[in-house]
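Notes for the one structure printed next.
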Amino acid sequence: MKYLDPKADLTFKKIFGNHPKRLISLLNALLPLSEEEQIHEIEYLPTELVPQLEGGKNTIVDVLCTDVRGRKFCVEMQMEWSDAFQQRVLFNASKLYVSQAKKGGKYSELQPVYSLNLINDIFAHDTPDFIHNYRIVHDKDSNKVIEGLHFTFIELPKFTPHSIADKRMMVLWLRFLTEINSNTKDIPADLLNDPEIGKAVEDLEVSGFTDAELRAYDKFWDSVSVERTLLDDRYQKGMEEGMEKGRAEGIEEGRAEGMEKGRAEGMEKGRAEGIEEGRAEGMEKGRAEGMEKGRTEGIEEGMSQRSLEIARKMLAHGMDETSIMDMTGLTAEEIKLLKAEM
């Protein structure tokens, strides 16, 4: 027996778009619902979300339903991750929530909207977790919640059966979505033994599709391949542009840091050399000035000693003090001291 991949647009809508019990099983297995919040009965809604205001944006989802409580459930199968898809999910869920408002109605009557998004791609590269649940919570206390919008994103490529130990139906449905494809020949017994999953497997048999449907199926995967190629090209181009910009910014930053460091080192080295040169010049100048001063003082001291010697001789010969002071330049006090020494 040959099978088609359940993740394709055609097969996904065929499996879950007109089988309430099957969809209920999937939602209860994959959404973070408590026992009291489990879904028991649903009604399908049109998948085209028409805006209430004229000129608004129409959007189409894969599967949309409501339960007996009035809660809304939106299911999307997405082959490639993008930020635009994340924003579309937020837009669609918000539109569903707002669409409940009736003129004169109470806000307290609005029911929650649950958005289940199955992604055949990896977008959270910083964690091994593959199930990501979001609510509106307080930024410091996650127990404080604004009820209304619930988002679940599941990264199918990260899933492995042993990663979930206590949720049997979650494991079975994720195995159904990840293990069956166009190359599958035999289906594991535990998948076939579950009533709803077993019927879903039957709906994947190639023999149950028309030629036109098979052509649409092949065209879908061709478009996925083209989209992946375009994404890879854009990623590669973005990488190259980012590297080029980073290199240019790095060169500029390195040049600025180099100049700053060079300037600082130059100032430090210049200061050290200036101190050394100033010290040498100071020593040389000091030496020269010292020699000059020493020479002058030596000459003056020598001249003073010679004047004293001459004055002694003059006193010894009986010359008067006035004449001696005129001839030697000595003072009266110095003459007096000489006379006392003699």
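When SER115, SER94 are compared by accessible area of protein heavy atoms, the largest-first order is SER94, SER115, using a 1.4 Å probe. For the chain, the per residue solvent-accessible surface stands at 65 Å², with DNA, RNA and ligands left out and a 1.4 Å probe.
Rolling a 1.4 Å probe over the protein chains gives CYS74 an accessible area of about 10 Å².
The modelled label-to-label distance for the pair SER182/GLU281, using points 7 Å beyond Cα in the direction of Cβ, is 8.7 nm. Rounded to the nearest 20 debye, the dipole magnitude of the chain is 1280 debye, with +1 charges on Lys and Arg beta carbons, -1 on Asp and Glu beta carbons, and the Cα centre as origin.
Counting only Cβ charges, +1 for Lys and Arg and -1 for Asp and Glu, the dipole size of the range 103-155 around its Cα centre is about 420 debye.
Ranking ALA332, ILE197, TRP221 by Cα position along the charge dipole of the chain, where only Lys, Arg, Asp and Glu carry charges on their C-beta atoms, puts ILE197 farthest toward the positive end. Kindly state, to the nearest 0.05, the FRET efficiency for TYR44 paired with TYR97, given R0 = 22 Å and r defined as their beta-carbon distance. E between TYR44 and TYR97, to the nearest 0.05, is 0.75. DSSP finds beta bridges in the chain, and of those with both partners inside it, around 55 percent are antiparallel. Rounded to the nearest 500, the helix-only mean residue ellipticity at 222 nm of the chain stands at -18500 deg cm²/dmol, with each DSSP H run of n ≥ 4 adding -39,500 (n - 2.57). Accessible area of ARG135 (1.4 Å probe, protein heavy atoms only, ligands and nucleic acids ignored): about 120 Å². The share of alpha-carbon pairs in the chain lying farther apart than 27 Å comes to 66%.
Computed with a 1.4 Å probe on the full set of protein chains, the accessible area for ASP326 sits at about 120 Å². To put it simply, the accessible area of the chain at a 1.4 Å probe is 53 percent carbon and sulfur. Exceedance of the 31 Å cut-off in Cα-Cα distance is limited, within the set LYS72/LYS140; LYS102/LYS144; LYS102/LYS140; LYS285/LYS336, to LYS102/LYS140; LYS285/LYS336. When the chain is described by a simple charge dipole with +1 on each Lys and Arg Cβ and -1 on each Asp and Glu Cβ, the residue from GLN305, ASN18, LEU4 located farthest towards its positive end is ASN18.
Picking from GLU273, GLU257, GLU41, which is most flexible by a Gaussian network model of the chain using Cα springs under 10 Å? Among GLU273, GLU257, GLU41, the largest GNM mean-square fluctuation belongs to GLU273.
The values are calculated or read from the model by the stated rules, or taken from the named source; none is laboratory data. Small disclaimer: the values here were computed from a predicted structure and weren't measured. Here the Cβ is made from the backbone with ideal geometry for all residues, glycine too, and neighbour counts use every protein chain on show. Accessible surface is based on the protein model in full, side chains and every heavy atom, while ligands, DNA and RNA are left aside. Shrake-Rupley method; radii C 1.70, N 1.55, O 1.52, S 1.80 Å.
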